[in-house]
Amino acid sequence: MQNDMKQEFKVKGFRKTVVPSDSMSVTQILKSTGFFKPHEIDVAIELIEDRLKNGEGCGYQFYFLEIEGRTVAYGCYGEIPCTIKNYDLYWLAVDNSFRGKGLGRMLLEKIEADIKAHSGRGIYIETSNKTQYAPTIGFYESCDYQLIATFTDFYDIGDNKAVFYKNLL
């Protein structure tokens, strides 16, 4: 499937380097999904700005997927402090006009490979379990993540947090 994607979309590739224009690209990606509130987008941009200012020492790692010179997907992840090589996947988003084409899976596989290369043991992912997030939850389950916890009314009344985990060992 990855070869088909390169032919169909002319995938420029993946990059880990964060550049100043990523703030605008990530804002566009997150807005296009219709899932994120303005204050949530602000948090995503803060993480990019932290990485630009403080480098790898900030603890946030990124992968960006570019197609025809445009950043269309990104992921942000990092080692969880006070654990032994467990990671959080903070953000994984694909521009709405490119969703359903396997790009999220390609990006997640890159992130998992990078975490494994750094001796990572497992990945935790948190998301809402509201009805609109059913495709997100289905995506994580199809990528072999297991639902391990649900926190009732975590984000808001009626908006529970679902925690998924994948063992990389």
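The values are calculated or read from the model by the stated rules, or taken from the named source; none is laboratory data. Treat the numbers as computed from the prediction; the structure is a model and nothing was measured. For neighbour counting, all protein chains shown are included, and Cβ atoms are generated from backbone atoms with ideal geometry for every residue, glycine included.
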Of the criteria (1) touching a residue at least 12 places away in the same chain (Cβ under 8 Å); (2) in contact with a Lys or Arg (Cβ under 9 Å, 6 or more places away or on another chain), which one Ile137 fails: (2)
Residues satisfying the stated conditions in the stretch 97-133, i.e. surrounded by 19 or more Cβ atoms within 10 Å (Cβ to Cβ) and of a type in the set (Val, Ile, Thr): Ile111, Ile115, Ile123, Ile125, Thr127
Index of the failed condition, Arg70 passing every other in (1) farther than 19 Å from Thr17 by Cβ; (2) surrounded by fewer than 21 Cβ atoms within 10 Å (Cβ to Cβ): (1)
Among residues of the stretch 150-169, those that are hydrophobic (A, V, I, L, M, F, W, C) and part of a strand (DSSP E or B), counted: 5
Thr136 surrounded by 15 or more Cβ atoms within 10 Å (Cβ to Cβ), in contact with a helix residue (DSSP H, G or I) (Cβ under 8 Å, 6 or more places away or on another chain) and not aliphatic (A, V, I, L, M): no
Condition check for Val43: β-branched (Val, Ile, Thr) and surrounded by fewer than 16 Cβ atoms within 10 Å (Cβ to Cβ): yes
Cross-chain or 6+ apart pairs with Cβ under 9 Å, the stretch 88-105 first and closer than 16 Å to Glu40 by Cα, then part of a loop (DSSP other than H, G, I, E, B): Tyr90/Tyr60; Ala93/Phe35; Ala93/Phe36; Val94/Gly100; Val94/Lys101
Test set (1) closer than 25 Å to Arg51 by Cα; (2) among the aliphatic types (A, V, I, L, M); (3) touching a strand residue (DSSP E or B) at 6+ places or on another chain (Cβ under 8 Å); (4) not in a helix (DSSP H, G or I) - Leu147 fails condition number: (1)
Search result, residues across the stretch 113-140 that are acidic (Asp, Glu) and under 13 Å from Asp88 (Cβ atoms): Glu126
Those strands (runs of 3 or more DSSP E) lying entirely in the stretch 25-143 with at least 1 residues modelled with pLDDT of 95 or more, over 20 Å from Val163 (Cβ atoms) and among the hydrophobic types (A, V, I, L, M, F, W, C): 61-67, 70-79, 86-94
